[in-house]
Every structure is written in C-alpha cells, then in structure tokens.
Amino acid sequence: MRKTFLILIALLMPSLGLMAQKQEIRDVDITIKLTDKGSAIFNERWDINTGPSITEWYLVRENLGDIIIPGFTVIDGDTGAKLEDVGEWDINKSFEEKAGKSGIVHKEEGMELCWGIAPRGDRVFYAIYSMVKAMKSLNDYDMLHLQVLSPGLSSPPQHVKVTVESPDFQLDTTNTRAWGFGFEGTTTFTDSTIVFESSKPLRTNDSAIILLRFNKGMFQPLSIQERDFQEALDVALKKAKFADDPEEDDPIVDAIAGFFTVLVMFFIFVFPIIRFFRNPEKVTKKEKRKLLGVNPKNIEWHRDIPLDGNLQMADYVLRRLGERGSAANLPLAEILRMIYKGNLTVTSDLQGPVNISFSSKGIDGLSLISANLYTMLLEAAGEDNTLQDKEFSSWASKHEVKVYNWSNKSNSEGASQFRSKGLMKNEKFTDAGKAAARELMGLKKFLNDFTLVSQRETIEANLWKEYLVYAALFGIADKVAKQLKDIDPKFFERTFNYNYSTFSSVLANSQSISRYIGNAINSASRPVYYSSGGSSGGSSYSSGSRGGYGGHTSSRGGGGFSGGGRGGGGR
C-alpha cells in the first residue's frame with residue numbers, strides 16, 4: 001500500500017508543481033520596423049508562465065481606424081515551429097484543439113490575435129504581424145501614435161521594451177521626436193533606433209503608448225489626416241507627468257508665503273502683459289467687436305491692400321483678432337513676397353524639380369524683419385545656394401530659439417508700428433485702427449468669396465501678386481491661387497512668370513519650409529527640460545522628455561492613440 005502511494009505521488013508531482021505556479025508575464029520585447037509606405041511590422045517576444053488553467057493567449061487590437069492587419073503568425077520560441085494559422089479563431093475550443101494553432105477573432109471594435117499555449121508552463125512565443133497604414137501623414141509631419149501594449153492584461157508584465165527602427169533611415173533627433181506614455185521608464189535614441197523601456201514592473205492599468213514625429217520626406221504614408229502634429233501632441237500631453245518635469249512645491253506653503261507678492265506682481269506686471277499678448281484662441285466675440293468697431297458678421301469686402309502692405313502690422317492685428325491661424329502663415333507670406341520682389345528666384349525645367357534659390361539682389365528692398373528671415377533661410381541653404389526642404393528642417397530643429405525670437409521680434413515690431421501710426425493707444429485700437437482692422441478682415445472676406453466677385457479680369461497684375469501674399473497670411477493661399485488661375489490661365493502665367501503647375505510646386509515648397517518655421521516657433525515656446533537618458537545598449541543625451549528628445553516616459557497621458565484596447569494575455 002505504501003509503495004502504491006509513493007508511486008501515485010511521483011506521478012502527480014509535475015501536476016502539483018504546475019498548480020503551484022501562477023500566470024506571469026516576465027518580459028515583453030517588441031520590435032517595430034517601419035516601411036517606406038508607413039506600415040509597421042511587429043515582432044513581439046512574449047516570455048510567460050501560462051499558469052495551470054488557461055487554454056490560449058491573445059492580444060487586443062482595437063481602435064484601428066483605417067489600420068489594416070492582413071495576417072498573423074506565431075512562432076513557438078521553444079521549438080522554432082510555426083503554429084498553424086486556422087483563420088477565424090474559436091475561443092470556445094478545448095485546450096487540445098487549440099494546441100499548435102493560431103488565428104484571429106474579428107469583432108466590431110477590432111480584433112484579437114490568438115494562439116494556443118500547449119504545453120502549459122514556462123513558454124516563449126513570437127507574435128508577428130503588420131499594421132498597414134499605421135503611420136499618419138499630417139499637414140506638417142508624419143506620425144506614429146500607437147498603444148502597443150494594452151492595460152488590463154491577465155498579469156502585469158515585469159518588464160517591457162519597445163524598439164522602433166527603419167531599414168531606410170537613421171532615426172535620431174535631427175529627423176524624429178519620440179514620447180512614451182503609460183508606464184514608468186525611459187525613451188532613448190541609440191544606434192539609429194528608438195527604444196522605450198520600463199524601469200520597474202508594470203501595474204494592472206499600465207500600458208505602453210508610443211508617439212513618434214517624423215520629418216516630411218522620410219516616409220510616404222498611405223493614411224492622410226488633415227491636421228497639424230501639434231494638435232495630436234496637445235491631446236497626448238494632457239495629464240502627462242514626466243519624471244524630469246520640475247518638482248512642484250508645496251501648494252499650501254507657497255500660497256501662504258507668496259500670496260500678496262503674486263497679487264501685487266499680477267496687477268502691476270502680469271495683467272498688462274496678458275492683455276497685450278493674450279492667446280488669440282481666447283478672443284471672445286465681444287472683444288472682437290470692440291477691436292473692429294462693428295459686428296464681425298457685418299464686415300464688408302475690401303479690395304485694396306491694407307496697412308500699406310505691412311505684413312508685420314497685419315499679422316499683429318490678426319493675432320489680436322484671434323484670426324492668425326498657424327505660426328507658419330507669416331513666413332509663407334514673406335517668402336512669396338521675396339519671390340515676387342526678386343530676392344528669391346525660382347528655377348524649373350521639365351527634367352527636374354522646382355527649386356527656390358537666392359538671387360544677387362540679396363536683402364535689398366526688404367524690411368528688417370523680412371531681411372532677418374532671408375538671412376535665416378540663407379544660413380539653412382547648402383553650398384548649392386538652393387533652399388532644400390530636408391536641410392531646412394534640420395536647421396530649424398537646431399535653431400528653434402532663434403526662430404522663436406524672430407517671431408517675437410516680428411510681433412513686437414508690428415505692434416510698435418501700429419501704435420506709431422496712431423492706430424492704437426494704451427493697447428486699444430483707435431477709430432483709425434478699427435477701420436484698418438476692418439479693411440484687413442474685409443480683404444480676407446473678399447478673397448474667400450472671390451468666385452462671387454464680378455469683373456475679376458480688371459484686377460491689375462501687381463495686385464494679383466499681393467492677393468496671393470495676403471492669402472498666404474490668411475491661410476487660404478491654395479484656394480485663392482486656384483481661383484486666380486481659373487479666371488485667366490494665360491494671364492496667370494504672364495503675371496507670375498510660370499504656369500499654374502509650377503506655381504503649385506513653388507507654393508508647396510514654400511509651405512513646407514514655412515511649416516518647419518512654425519513648428520520651431522511652437523516647440524521653442526514650450527518649456528524644455530534637460531536630462532540624461534540611456535539603456536544597457538547605449539546612451540544618449542536628451543534635451544527634455546516633453547520636447548521629444550528622449551529621457552523619461554510618463555505613466556499617464558498619451559491620449560489619441562490608435563490600436564490597443566483593454567485586456568489580453570491568458571484566458
């Protein structure tokens with residue numbers, strides 16, 4: 001009897017040991033390779049202990065939008081064998097029926113990538129799949145914003161590492177910015193790749209969200225979104241708190257110690273500055289009426305160029321009215337005017353692209369602000385004296401403060417000139433200033449309604465050019481250019497010295513360059529913090545997690561992502 005009992009115990013020992021184990025995710029190592037069309041190829045290594053009762057492992061992929069996952073492959077890391085793809089997966093099948101197989105559950109919200117885990121115990125699996133249209137082409141940059149590890153997994157991972165690489169490009173801070181959200185860890189630029197890695201075990205509701213910004217021209221994403229990157233970044237940074245953000249002081253102590261000082265400083269210094277440099281987006285309808293002297297809806301068309309053609313004053317008025325739009329509008333208007341004045345030249349032939357270069361005229365005839373912009377463009381140009389898109393983006397990213405200072409100087413100069421002409425007193429528009437503001441908004445209305453204007457053919461050629469300059473300032477250059485071309489294509493060609501197709505290329509080049517200026521202005525206007533980042537595979541020096549240069553991740557934030565969902569792991 002005793003012998004029989006010992007034999008029974010020996011036979012049951014493996015099962016008893018397995019039952020003593022619990023499900024565990026020891027490590028998740030994800031490598032993402034980016035293709036030239038913006039697809040993301042995932043190779044995920046899952047090092048797990050299955051525990052005693054589950055029959056399968058699954059990954060949740062929801063919130064896909066236009067992203068397509070065409071297929072799914074699983075490799076058994078212990079044997080190297082490829083699991084059989086059965087297509088549509090049935091989660092109700094038995095442990096034995098799921099063994100050695102993989103498949104996809106299609107749901108209204110997205111899909112689940114599933115595979116059998118037999119035998120149970122310590123296992124390693126490789127999940128391989130592609131996300132077509134993962135990268136988004138935005139107005140100013142290309143973007144990859146994905147939740148690559150879902151919260152609410154059956155067991156929180158002890159360690160996570162996500163590596164992003166491109167076979168065609170060296171990813172570094174000259175062409176890429178990167179932010180990590182959802183877990184505590186680091187973001188590192190190293191060896192032409194970007195590595196997101198956890199620094200401590202994840203919690204149940206932790207996830208891994210990556211946000212990457214790429215310069216235009218590196219990829220040709222198939223998915224296009226009509227928005228600027230800043231819009232996506234603003235959403236992602238909501239509730240984000242990076243480890244290298246400045247420490248917050250004790251609010252109670254600060255409130256008691258600094259109340260009266262802050263109060264006095266606010267009314268003496270801060271309040272006037274806020275009124276002068278208030279956010280254009282916060283201009284109320286009532287304030288706008290005061291600045292214009294009439295209801296904005298009652299503005300009439302104005303056909304002449306307002307404010308003597310002074311772009312700095314016009315840009316300042318648009319800021320005050322909350323009509324400025326993008327920070328790239330003024331540089332675009334300035335560049336177009338430089339082309340018309342002959343400071344910049346356009347070269348084009350049937351065999352090559354349209355290029356913008358610098359003429360022997362230099363800065364002759366330009367205002368101080370325009371001349372400063374011309375100098376920056378010249379500094380960015382290469383030895384061929386040609387303004388290339390990629391080289392300017394690299395220059396702007398390294399001289400954000402210089403570009404930001406130029407923008408501030410332009411705004412200050414516009415305000416100063418507006419005041420010196422008697423158009424503003426004590427930051428309030430005079431009657432003459434209100435009339436000038438109405439003329440500016442009247443011109444914008446006129447250009448927007450251009451298709452309704454009769455006798456358009458009587459407009460002089462020089463006025464056509466200025467219309468395009470101001471259309472750029474208003475952010476409607478493409479629309480107005482097409483309308484002008486539709487009036488008389490031959491006259492359009494004689495006026496601008498090249499046909500509409502060439503002009504469109506010139507405008508596209510100029511817009512691209514202007515967007516880099518706008519991005520540099522926006523980036524430099526945000527606080528940048530300095531920290532060192534690194535990993536076992538190398539190290540890098542980052543200039544601020546919030547700036548996307550590497551450093552720490554944020555355990556919160558990251559909203560607006562695609563992919564991911566909630567749940568996953570063993571079941």
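Step by step: first the residues of the stretch 54-68, then only those that are out of contact with any Leu (no Cβ under 8 Å at 6 or more places or on another chain), open to solvent by 20 Å² or more (accessible area, probe 1.4 Å) and assigned to a strand (DSSP E or B), then the one that is nearest to residue 38 (Cα to Cα). Which residue is that? Looking at the filtered set, the residue picked out is 68. The single condition among (1) in a strand (DSSP E or B); (2) surrounded by fewer than 24 Cβ atoms within 10 Å (Cβ to Cβ); (3) touching a Phe, Trp or Tyr at 6+ places or on another chain (Cβ under 8 Å); (4) modelled with pLDDT under 95 that residue 213 does not meet is (4).
On the given criteria, is residue 430 more than 17 Å from residue 328 (Cβ to Cβ) and within 30 Å of the chain's Cα centre (by Cα)? Break it down stepwise before answering.
Details: more than 17 Å from residue 328 (Cβ to Cβ): yes; within 30 Å of the chain's Cα centre (by Cα): no.
Here the answer is no, as residue 430 does not meet what is asked.
Screening the stretch 471-498 for residues that are among the aliphatic types (A, V, I, L, M) and open to solvent by 10 Å² or more (accessible area, probe 1.4 Å) and picking the one that is farthest from residue 356 (Cα to Cα) gives 487. There is no residue in the stretch 376-395 that is open to solvent by less than 30 Å² (accessible area, probe 1.4 Å) and more than 25 Å from residue 173 (Cα to Cα).
Beta carbons closer than 9 Å, at least 6 apart along the sequence or on distinct chains, pair a first residue in the stretch 85-105 that is under 16 Å from residue 61 (Cβ atoms) with a second that is in a helix (DSSP H, G or I) for 89/98; 91/98. For the stretch 289-306, the set of residues classified as over 15 Å from residue 463 (Cβ atoms) and either within 36 Å of the chain's Cα centre (by Cα) or open to solvent by less than 100 Å² (accessible area, probe 1.4 Å) (or both) consists of 289, 290, 291, 292, 293, 294, 295, 296, 297, 299, listed by residue number.
Restricting attention to the stretch 317-347 and to residues that are of a type in the set (Ser, Thr, Tyr) and touching a strand residue (DSSP E or B) at 6+ places or on another chain (Cβ under 9 Å), the residue that is least open to solvent (accessible area, probe 1.4 Å) turns out to be 345.
Among the residues of the stretch 126-139, is there at least one that is out of contact with any strand residue (DSSP E or B) (no Cβ under 7 Å at 6 or more places or on another chain) and either free of Cβ contacts under 8 Å to residues at least 40 places away in the same chain or farther than 17 Å from residue 182 by Cβ (or both)? Show your work before the answer.
From the stretch 126-139, those out of contact with any strand residue (DSSP E or B) (no Cβ under 7 Å at 6 or more places or on another chain) are 138-139; that's our starting set.
Narrowing the set further to residues that are either free of Cβ contacts under 8 Å to residues at least 40 places away in the same chain or farther than 17 Å from residue 182 by Cβ (or both) leaves 138-139.
Looking through the stretch 126-139, at least one residue is out of contact with any strand residue (DSSP E or B) (no Cβ under 7 Å at 6 or more places or on another chain) and either free of Cβ contacts under 8 Å to residues at least 40 places away in the same chain or farther than 17 Å from residue 182 by Cβ (or both).
Out of 93, 82, one residue alone is under 20 Å from residue 41 (Cβ atoms), at pLDDT 95 or above, open to solvent by 40 Å² or more (accessible area, probe 1.4 Å) and out of contact with any Phe, Trp or Tyr (no Cβ under 8 Å at 6 or more places or on another chain). It is 82.
Is it the case that residue 360 is closer than 26 Å to residue 505 by Cα and either free of Cβ contacts under 8 Å to residues at least 60 places away in the same chain or in contact with a Cys (Cβ under 6 Å, 6 or more places away or on another chain) (or both)? Step through it out loud before you land on a result.
Details: closer than 26 Å to residue 505 by Cα: yes; either free of Cβ contacts under 8 Å to residues at least 60 places away in the same chain or in contact with a Cys (Cβ under 6 Å, 6 or more places away or on another chain) (or both): yes.
Taking the combined requirement at face value, the residue satisfies it.
For every residue, the table says whether it meets (1) modelled with pLDDT of 80 or more; (2) open to solvent by less than 20 Å² (accessible area, probe 1.4 Å); (3) within 19 Å of residue 315 (Cβ to Cβ); (4) part of a helix (DSSP H, G or I).
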residue: 404; (1), (2), (3), (4): no, no, yes, yes
residue: 408; (1), (2), (3), (4): no, no, yes, yes
residue: 417; (1), (2), (3), (4): yes, no, yes, yes
residue: 434; (1), (2), (3), (4): yes, no, yes, yes
residue: 437; (1), (2), (3), (4): yes, yes, yes, yes
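Regarding residue 161, is this residue open to solvent by 30 Å² or more (accessible area, probe 1.4 Å) and on the phi > 0 side of the Ramachandran plot? So residue 161 does not fit the description; no. Between 226, 231, the distinction of being assigned to a loop (DSSP other than H, G, I, E, B), open to solvent by 20 Å² or more (accessible area, probe 1.4 Å) and either on the phi > 0 side of the Ramachandran plot or out of contact with any strand residue (DSSP E or B) (no Cβ under 9 Å at 6 or more places or on another chain) (or both) belongs to 226 only.
Does residue 509 meet the test of being assigned to a helix (DSSP H, G or I) and modelled with pLDDT under 75? It is false that residue 509 is assigned to a helix (DSSP H, G or I) and modelled with pLDDT under 75.
Taking the criterion of being part of a helix (DSSP H, G or I), modelled with pLDDT under 90 and among the hydrophobic types (A, V, I, L, M, F, W, C), the only residue of the stretch 298-329 that qualifies is 321. Residue count for the stretch 96-106 under the criterion of being within 19 Å of residue 81 (Cβ to Cβ) and either in contact with a Pro (Cβ under 9 Å, 6 or more places away or on another chain) or surrounded by 13 or more Cβ atoms within 10 Å (Cβ to Cβ) (or both): the result is 7.
With respect to being more than 25 Å from residue 151 (Cα to Cα) and under 37 Å from the mean Cα position of the chain (by Cα), residue 79 falls outside the description. Residue 109 meets all of the listed conditions (1) within 30 Å of residue 224 (Cα to Cα); (2) crowded, with 18+ Cβ neighbours inside 10 Å; (3) not aliphatic (A, V, I, L, M) but one, namely (2).
The sole residue among 365, 422 that is surrounded by fewer than 14 Cβ atoms within 10 Å (Cβ to Cβ), within 17 Å of residue 309 (Cβ to Cβ) and out of contact with any Cys (no Cβ under 9 Å at 6 or more places or on another chain) is 365.
The values are calculated or read from the model by the stated rules, or taken from the named source; none is laboratory data. Owing to the predicted nature of the structure, the values given are computational and were not obtained by experimental measurement. Please note: Cβ atoms are built from the backbone with ideal geometry, for glycine as well, and neighbour counts cover all protein chains shown. Keep in mind that these areas ignore ligands, DNA and RNA; they rest on the heavy atoms of the full protein, side chains included. Shrake-Rupley method; radii C 1.70, N 1.55, O 1.52, S 1.80 Å.
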